[in-house]
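This report refers to the structure that appears directly beneath it.
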Amino acid sequence: MGGYIGRKAWVGPASTRAAAVVGAGALALLLQGCGGSDSPEDISCAVTTPTGNVTVGSGLPGDPAAPEPSSGFNKSKQGLKTQSYMVVTANPQASKAGCNVLKAGGSAVDAAVAVQMVLGLVEPQSSGLGGGAFMLHYNAATKAVVSYDGRETAPAAASENYLRWIDDTTGQTAPLPNVRASGRSIGTPGAVRMLGLAHSEYGSLPWKDLFQPAIALATDGFPISGRMADAIAGARTNFLRDAEASATYLNADGTAKALGTVFKLPAYAASLNTLAAGGADALYTGALAQAIVNKIGATVGADGVAITPGKTTLADLASYQAKKREPVCTTYRSYWVCGMGPPSSGGITIASTLGVLENFSLATLAPTAVDAFGGKPSVMGVHLVSEANRLAYADRDKYIADTDFVALPGGSTAAMLDKTYLRGRADLVSFVKTMGTAQPGNLGAVPLGIGSGPAEAGTTHMTIVDKKGNVVVMTTTVESGFGSWHMTNGFILNNQLTDFSISPTDAAGVKVANRITAGKRPRSSMAPTLVFKIAADGSRGDFVMGTGSPGGSNIIQYVTKTLVGVLDWGLDAQQATAMVDFGASNSVNTNVGGEHPNVDVTNNGANDALITGLRSLGHTVNFGAQSSGISTIVRITRDNGIPAWAGGADPRREGLVLGDGY
């Protein structure tokens, strides 16, 4: 594995200005250390190109942050090996910020705070201050794994028909102009309070210093990237309802700000300064909180169109709590795999998928012609993983919701992840024909949990390892691209409540598990994941890998194929990340990412052996482009026996691996 190797970073006017802001703080020392040396021994937080070392954000040839049109698959994307720390995010500017925090001695959580603040600026369509997140943290000293829940909540005034009707009695019509664009879709944001909680426990550098990279970038500006430009263009019409969003992302003539436009956002810098000085609570009380409530309660758009207001109050924001939860940890072959529990379905559904796959010899079904992009997956390998997905999604759809409101069968994950139960589920898999649509297993009488809502699209993921070996995997989101399209004080507000079922009952009138209720958190598919070896005594042993992805309900598929790629097929971090995206939710469609260079979609896929092989087993193959954004770090051993790290960034997005390369 080769590729990007860090050199120096944080040079130029942005770093000078940021250092002046911080003064004698930790980040000022960081900036001096990273930007003040041209020594060839300084191999951190920048990239190596055929023509020399390039600082991220410099605009020089080879700069991974240089604005280029977004593409379906970047064949030049490479991985990286580092000796002591690493960060992988979906945007080069965010990776740069996180890497410099790690170089300065910051913890993985410190880096996550800095990364999130930059992502809210450079990837606002995916995450930000107005959204939510899930995080898993591994403490290398104590071996403890803890999960943090920063999922948004429904307001106290929400009824079961909050998303379906304007009013339960006098206005039984859909919210205006539609549920996503109404105030009803906006949940109380959770990401900032979650990061505040995690930093209070695992932060090393001062909270206020971690905002400076994003403040500098928002003040000094950066060229709009391809993905951001595409997202702005796609949201242009919807921005017209919001005066601040229009002023921020559209030109004076109403056209979308284009690729390469230098983008500055003083309002976002001001909000970050408020949070830097006042802590996470500054989003949940005071002027920022009032502005959020006012925007959710708006009744008419800037274009004069009526908007159904949400019912969020200052009390909803003030009472919001980020929660520490037990992760979902199960064994898979010789590994422990830990994921996020409810209100995310990601951890349980991936564990269920792996529990089915454990009954098959996947190692014999590895991809062929393995290259830098993961090779060509085998027909039977994709078939078995897709069938296991179907079975797991069937149980997910029926049984999983916010367990603070709807209990899992038996009151815990034990019944759903029981090895004998999953062996029985595996017996339903045929080697000669797909099951098409799976039925959920019989785990007792519970709500059906199968409801309707729009597909999620506005999400991102980061994976981080610090110098002490502590690890963060964090998936963060505003739900759909640019969330609700409502904006205040420089940040987008989520539309996360549309992850609830719009209707509280199914077609038969039975209550669904994922119906909206006051204070409840909507079900998610986000799946930040950690893997460990099984120790001799059966406990969690050495850390093996961390991964995760955006992608709505397909996140479960993306993370599963990456885990199988590393754990069963021996692919490295970049190969497993880049490998063809494949899998299935509980439908007749089986996904095979047609954007991948190893998939031939010409002639309706008739020239591709994987597609035709799956069709021969009865699969309806969807070879539309997949939009994963996988970020992976795998623990490796150097030739001298010293542990090190290998990272992979998804070629389908703008991600970048950075660290102290060797």
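Using just the alpha carbons, could you tell me how many Å³ per residue the convex hull of the range 600-662 encloses?
151
Quick one: grab the alpha carbon gyration tensor of the range 287-377, order the square roots of its eigenvalues as a ≥ b ≥ c, and give me rounded if a/c is under 1.5, else prolate or oblate depending on whether a/b is larger than b/c.
prolate
Can you show me the helix-derived [θ] at 222 nm for the chain, built from DSSP H runs with n ≥ 4 at -39,500 (n - 2.57) apiece and divided by the number of residues, rounded to the nearest 500.
-8500 deg cm²/dmol
Rounding to the nearest 20 debye, state how big the charge dipole of the range 366-509 is about its Cα centre with +1 on each Lys and Arg Cβ and -1 on each Asp and Glu Cβ.
Using only the charged Cβ atoms, the result is roughly 480 debye.
Count the net charge of all other residues whose Cβ sits under 13 Å from the Cβ of residue 404, scoring Lys and Arg as +1 and Asp and Glu as -1.
+4
Taking only the C-alpha atoms, wrap a convex hull around the range 466-625 and report its volume per residue in Å³ as a whole number.
Convex hull volume per residue, Cα atoms: 236 Å³.
Which FRET efficiency, nearest 0.05, do residue 170 and residue 428 yield, Cβ-Cβ r, R0 41 Å?
E between residue 170 and residue 428, to the nearest 0.05, is 0.25.
What percent does the relative contact order of the chain come to when contacts are Cα pairs within less than 8 Å and at least six residues apart?
Once normalised by length, the contact order is 22 percent.
Just to confirm my numbers, what's the Cα centroid distance between the range 101-174 and the range 270-340 in Å?
Going from one Cα centre to the other spans 6 Å.
Using only the alpha carbons of the range 341-483, what is the convex hull's orientation-averaged projected area in square nanometres?
Average projection, Cα convex hull of the range 341-483: 12.0 nm².
What spacing in nm lies between the two simple spin-label points modelled at residue 303 and residue 603, each 7 Å away from Cα in the Cβ direction?
In this crude label model, residue 303 to residue 603 measures out at 4.5 nm.
What are the semi-axes of the equivalent ellipsoid for the range 53-147, taken as the square roots of 5 times the Cα gyration tensor eigenvalues, largest first, in whole Å?
They are 25, 18, 13 Å, listed largest first.
Calculate the dipole size of the chain relative to its Cα centre from +1 charges on Lys and Arg beta carbons and -1 charges on Asp and Glu beta carbons; express the result in debye to the nearest 20.
The dipole magnitude comes to about 480 debye.
Compute from the Cα atoms of the chain the Rg and the Dmax, the latter being the longest Cα-Cα distance, and quote both in angstrom.
That works out to 23.3, 74 Å for Rg and Dmax.
FYI, it's all coordinate maths here, none of it is from the lab. Bear in mind the structure is a predicted one, so any value in this text is a computation, not a measurement. Cβ atoms come from the backbone with ideal geometry, glycine included; neighbour counts cover every protein chain shown.
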